[in-house]
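Quick notes on the structure that follows.
The values are calculated or read from the model by the stated rules, or taken from the named source; none is laboratory data. Because the structure is a prediction, the values reported are computed rather than measured. So basically every Cβ, Gly included, is an ideal-geometry build from the backbone, and we count neighbours across all protein chains shown. Heavy atoms of the whole protein, side chains included, go into the accessibility calculation; ligands, DNA and RNA do not. Shrake-Rupley method; radii C 1.70, N 1.55, O 1.52, S 1.80 Å.
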Number of protein chains: 2
Amino acid sequence: MDGPSNGHPMVGGEGPHSYSRNSSGQRIVIDMALKLIQEAVDEHLEIKAFSSSGAFLITDLGCSAGPNTFYAVSSILQAVEQKCQSLGLESQILEFQIFFSDHVGNDFNTLFRSLPPDRRYYAAGVPGSFYGRLFPKSCLHFVHSSFALHWLSGVPKEVQDKSSPAWNKGRIFYPNAHKEVIEAYAAKFAEDMGVFLCARAQEVVLGGLMVLTFITRPDGIAHSQAFVTRCLDLLESCLVDMVKKGTISEEKMDEFNLPMYYASPREMKESVERNGRFSIKKMVELVESAEAYPPPTGKMMASTWRAPLEGILKEQMQFGEEMLDELFNSFTRKYEESSIVEFVRESSITFVLLEWSTAD
Amino acid sequence: MDGPSNGHPMVGGEGPHSYSRNSSGQRIVIDMALKLIQEAVDEHLEIKAFSSSGAFLITDLGCSAGPNTFYAVSSILQAVEQKCQSLGLESQILEFQIFFSDHVGNDFNTLFRSLPPDRRYYAAGVPGSFYGRLFPKSCLHFVHSSFALHWLSGVPKEVQDKSSPAWNKGRIFYPNAHKEVIEAYAAKFAEDMGVFLCARAQEVVLGGLMVLTFITRPDGIAHSQAFVTRCLDLLESCLVDMVKKGTISEEKMDEFNLPMYYASPREMKESVERNGRFSIKKMVELVESAEAYPPPTGKMMASTWRAPLEGILKEQMQFGEEMLDELFNSFTRKYEESSIVEFVRESSITFVLLEWSTAD
């Protein structure tokens, strides 16, 4: 539930509400994804074609401030090294350069200070939105992005337009809104994915791989039924309570919408096929096998959501620390009173492996 | 007087003592260097050899948090573009990637937020000391470093060792110290330059250029006579006053030494020749032609020195804001009472153009 939004970065630093302290839940999924990455490198990476071309360039898009990004990239690096060894290419001493990329408001200072001292790669930070070009042409060998692509480039314009049938009055999100709002969000996701894929198609070398891991709404499940969107419903109802109490104005509530969308695996597949630059080599839903996932408590969930949403609430709702505490304490209570945890399997994590295969 | 030290970065942010607000004096010299860079690109850059190899990669080593770094790199970019145009290569649409590099403690967040929105390059930040490898092999086409190479990788060990004849008791710098101290500093500079040049020789492509601009002690001028070292003498005497007043302990004063060295152009030349990887294509002393340089006031000089030294004084002398104010107010007074400004021409700025010419 992290990743870059358009100017609403994760909470930086290393304080109690920081992203770097509230991202351990993702580690389980990263571990599952890691096995798939190893398989992907084994089966699909044409390392011989790259090993003569100098360094092997990897980027993690939506890296935030760590530590999961270090874990992910070093796993990719290890898989590539193992492949080199198994092919007898280790004598060529392949060098690695890793580009940690996130929005310009990301806390790169914390990221850089946390870089593992024993790393076997050259590190660089790349500021900017992944809904646009970030790198020169044909330079990347491996693109990784985890828990980031549910962030849209922005809120769909129509949902903030009072004269539009898609105006999202009194709500902050789409799942329980009327049809036009859901359609506006879905269209924005499709548009953003197109932009994302076109940019990456320019940057990735022929035969380069891209692994995207993201929270999805399982195919056939309604928007309002997914676990993640149920959580945001609870948050919305906490905000509605604050409007009723007069803590937030009705106008501010009407103006505020979350720039996020939880696509289904099918929607993702359609976006890739419509774009046509990448071919899907593998697509796996991860959560079903995550039996070890402990049921999250209210406090855990509040922290999990506060880290990515604090920035946007401060900026657009002018929330201070007290208001944030009030909101997320109320969220914790509502979460614990609800039976929402029973629906935890109604969101899935989808792993997609793409190969760049068509000239742009 | 900026650039990376080993863990003592410039004052970040945009406050009154920040580097980004106290670096305008360097602009005059950068303007002079810019003309020389244009000539260097015109005369020495084998752009045809690079134009088919994808992007043109530039790094600024010791970039600090801006804005001078943006000015410098965009000047290099412009010079390369002009050369492409003059050779009829513009149709190849050369892309640029700029690596802004400085110590891991540098304020990259401010740097990234200040990136010019209309830039024609892909930006990346690279954290780490330039006294070591920062990039994969053979990837850089142009290396730039301005006002950074007088920072050593650290204080020479001997000057902090009570049992050594080079122990620098009661002083923070070498110019007025005894012979052994000066020799220890000179040896550290020679060693560091060797490490710097070896690292760059690995990273720069064959035919790649490196431009280094740095404050020097003119050949034939004693260490104690140069303007920059006279300024640091004043600072030292302010600290001695604080020891006398009991504000600083004698022990702390004995332990503290500045990790800086102002080499002469000849010393620089010898370092390059001893290393043997780069050939000197041009070496120019800039200050003689800097008639337009306004004589700096005490307040200006205090700000100029506070920006780079605040970090190290906070860390090693445990100075807070009040102590820093006391020190630099005292510096301002002493500077204005002195005739030091008459010696402003006794430091020079040396511009060196190097070409990578020998395989490592």
Worksheet item: Does B:Arg120 satisfy the condition of being charged (D, E, K, R) and within 11 Å of chain A (Cβ to nearest Cβ)?
Response: no
Worksheet, complete the sentence: Those helices (runs of 4 or more DSSP H) completely within the stretch A:196-281 that have 1 or more residues that are at negative phi and polar (S, T, N, Q) are A:227-244, A:265-275
Item to complete: Working only within the stretch A:104-114, note down all residues that are at the interface with chain B (Cβ under 7 Å from one of its Cβ atoms) and among the hydrophobic types (A, V, I, L, M, F, W, C).
Response: A:Val104, A:Phe108, A:Phe112
Practice prompt. Find the residue count for the stretch B:154-207, including only residues that are within 30 Å of A:Gly54 (Cα to Cα) and open to solvent by 30 Å² or more (accessible area, probe 1.4 Å).
Written response: 5
Discussion item. Of a type in the set (Phe, Trp, Tyr), under 30 Å from A:Tyr185 (Cβ atoms), out of contact with any Leu (no Cβ under 7 Å at 6 or more places or on another chain) and open to solvent by 20 Å² or more (accessible area, probe 1.4 Å): which single residue out of A:Tyr71, A:Tyr131 fits that description?
Written reply: A:Tyr131
Discussion item. Quick check on B:Val181: is it touching a Ser or Thr at 6+ places or on another chain (Cβ under 8 Å), closer than 30 Å to B:Met253 by Cα, of a type in the set (Val, Ile, Thr) and assigned to a helix (DSSP H, G or I)?
Written reply: no
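Condition check ((1) under 30 Å from A:Gly207 (Cα atoms); (2) surrounded by fewer than 16 Cβ atoms within 10 Å (Cβ to Cβ); (3) in contact with a Pro (Cβ under 6 Å, 6 or more places away or on another chain); (4) not small (Gly, Ala, Ser)) across all residues:
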residue	(1), (2), (3), (4)
A:Asp233	no, no, no, yes
A:Glu250	no, yes, no, yes
A:Tyr261	yes, no, no, yes
A:Ser279	yes, yes, no, no
A:Trp305	no, no, no, yes
A:Glu315	no, yes, no, yes
Discussion item. For a quick check of your reading of the model, give me the residue pairs whose first member lies in the stretch B:232-249 and is closer than 13 Å to B:Arg171 by Cβ, whose second is open to solvent by 30 Å² or more (accessible area, probe 1.4 Å) and acidic (Asp, Glu), with beta-carbon atoms closer than 8 Å and at least 6 apart or on different chains.
Written reply: B:Val243/B:Glu250
Worksheet, complete the sentence: Of the listed residues (A:Gly66, A:Gly54, A:Gly125), the one being assigned to a loop (DSSP other than H, G, I, E, B), out of contact with any Cys (no Cβ under 7 Å at 6 or more places or on another chain) and either surrounded by fewer than 23 Cβ atoms within 10 Å (Cβ to Cβ) or within 12 Å of another protein chain (Cβ to nearest Cβ) (or both) is A:Gly66
Worksheet, complete the sentence: Taking the stretch A:69-95 and the residues there that are in a loop (DSSP other than H, G, I, E, B) and either among the charged types (D, E, K, R) or under 17 Å from A:Ala40 (Cα atoms) (or both), the one that is farthest from the other protein chains (Cβ to nearest Cβ) would be A:Leu87
Worksheet item: Where residues in the stretch B:29-40 are open to solvent by 60 Å² or more (accessible area, probe 1.4 Å) and of a type outside the set (Asp, Glu), which of them is modelled with the highest pLDDT?
Response: B:Gln38
